1. Suppose we keep only residues that are part of a helix (DSSP H, G or I) and over 23 Å from the mean Cα position of the chain (by Cα) within the range 221-254. Which one would you say is nearest to the ligand (Cβ to nearest atom)?
2. Tally the residues that are among the polar types (S, T, N, Q) and surrounded by 19 or more Cβ atoms within 10 Å (Cβ to Cβ), restricting the search to the range 78-114.
3. Any residue in the range 334-361 that's on the phi > 0 side of the Ramachandran plot: show its pairings with residues that are in a helix (DSSP H, G or I) and surrounded by 14 or more Cβ atoms within 10 Å (Cβ to Cβ) at Cβ separation under 7 Å, as long as the two are six or more apart or on different chains.
4. Can you work out which of the residues in the range 284-321 that are in a helix (DSSP H, G or I) and among the acidic types (Asp, Glu) is nearest to the ligand (Cβ to nearest atom)?
5. Sort through 257, 261 and tell me the only one that's closer than 29 Å to residue 65 by Cα and near the ligand (Cβ under 10 Å from one of its atoms).
6. Please determine whether any residue of the range 59-77 is at pLDDT 95 or above, surrounded by fewer than 18 Cβ atoms within 10 Å (Cβ to Cβ) and not acidic (Asp, Glu).
7. Being at pLDDT 95 or above and buried (at least 19 other Cβ atoms within 10 Å of the Cβ) is the requirement here; does residue 295 meet it?
8. Answer with yes or no whether residue 80 is at positive phi, within 17 Å of the chain's Cα centre (by Cα), outside any helix (DSSP H, G or I) and within 16 Å of the ligand (Cβ to nearest atom).
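The values are calculated or read from the model by the stated rules, or taken from the named source; none is laboratory data. Worth saying up front: this structure is predicted, and the values here are computed from it rather than measured. Every residue, glycine among them, receives a Cβ derived from its backbone with ideal geometry; neighbour counts consider all protein chains shown.
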Amino acid sequence: MGKTLFDSPSFVNHEGVHAVFDEKTGLRAIIAVHSTARGPAVGGTRMWNYASSAEALEDVLRLSRGMSYKNAVADLEMGGGKSVIIGDSRTQKTPELFRAFGRAVDTLGGIYYAAEDVGVSVADIAEARKVTPYVLGLNDGPEASGDPSPVTAEGVFRSTLTVARRLWKQDDLTGLTVALQGIGHVGGYLADKLHAAGARLVMTDVNTALLSEVAARTNAEIVAPDAIYDVKADIYAPCALGATLNPETLDRITAKAVVGAANNQLATPDIGQRLFERGVLYAPDYVVNGGGIINVASELLARQTGGAYDPQWVEGKLSRLMETLEEILERSATEKRPTHEIADAIAEARINAARDQKAEQRKAA
Ligand code: NAD
């Protein structure tokens, strides 16, 4: 028996949780708005064959809160939200389903913007766009931000350089070995950048055709998917799945740093503590991979101002995010606390400041 909404440990001051059902299309979705303190809640839509609606609820509560933190740490004027559609994305997708979902998003009047995520494509979001303006990550029009992966990869790359400067006092990656797990949209761009900066690459992926191609152009060594944890590397770069830092892998990973694009790398927060105690520098996932959401934020800004997607604005925000990463690493060292805790503290301070400011404005009005 699943927990009810307010009893769930994943329910943390969410402003609103909206269950959606459409009889005609069979749409069953949950839209969670964690916070609008810093602006409209923005976060992707995931389509997944959840075993139960309780599991879907847990996921959307956890992910929407994570978006508040990611958006705040990237200093975006956006809050955090997320939505899940319960169903099999390979067999149950229809244009009508996404229009029904779009209508549900529309009823929220702009407090939540949807975008693509696992199981949902840009084409699906474009279908929702026919019935609501409150979606982002489109391919057409002057404001469209397109594929976020190159910007995400650039953020991961710069984070890797930041870590190399701190740990090895060097400005490039010469002589360092990176164990790269996943060479998909982000990992592929990242492999090229790491190679160009002098890193030696050891890589894996379950897509063997793609793996041979990327390995050939970056002079990389290939290992089997499970062997990536045992590679003698300086840096482990998870760019495939979440929760790869877990009790099973912890003793196998000998890298001095973890810097990768994957979301939710720590299986549980105590893994972050254990990495810290072992002297492994964990660059917090949602800071390292914030380039993607910064790219999407430019589309929202363009929509709000009637302007166009602005790569210079994106560059400014990405540079600022990298300064925040430096601050996190510095504070972790001086305060002797794990990096993920410092990142959370910075995000929470920014969210709380915005919330308090709004409350003051309401009082004054
Ligand atoms: P992707 O699906 O294009 O790439 C993932 C790659 O991982 C694929 O090539 C897949 O074959 C491989 N893979 C799957 N299971 C694997 C396994 N067990 N071992 C090794 N490889 C495996 O996804 P992406 O867009 O490159 O995103 C990668 C990660 O970064 C994801 O966790 C995603 O949530 C996160 N992320 C992506 C972006 C973005 O802009 N695309 C932004 C933020 C976070």
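1. Taking the candidates together, the pick is 226.
2. Residues of the range 78-114 among the polar types (S, T, N, Q): 83, 89, 91-92, 94, 107.
From what's left, surrounded by 19 or more Cβ atoms within 10 Å (Cβ to Cβ): 83.
So the answer is 1.
3. none
4. First pass over the range 284-321, keeping only residues in a helix (DSSP H, G or I): 285-288, 291-305, 311-321.
If we keep only those that are among the acidic types (Asp, Glu) as well, we get 285, 299, 315.
Details: 285: 8, 299: 13, 315: 16 Å.
Of everything passing the filter in the range 284-321, 285 is nearest to the ligand (Cβ to nearest atom).
5. Working: 257 fails: near the ligand (Cβ under 10 Å from one of its atoms).
One residue alone meets the criteria, 261.
6. No - not one qualifying residue is present in the range 59-77.
7. Numbers: at pLDDT 95 or above: yes; buried (at least 19 other Cβ atoms within 10 Å of the Cβ): yes.
Yes: the conditions hold for residue 295.
8. Details: at positive phi: no; within 17 Å of the chain's Cα centre (by Cα): yes; outside any helix (DSSP H, G or I): yes; within 16 Å of the ligand (Cβ to nearest atom): yes.
When the stated conditions are applied, residue 80 does not pass them.
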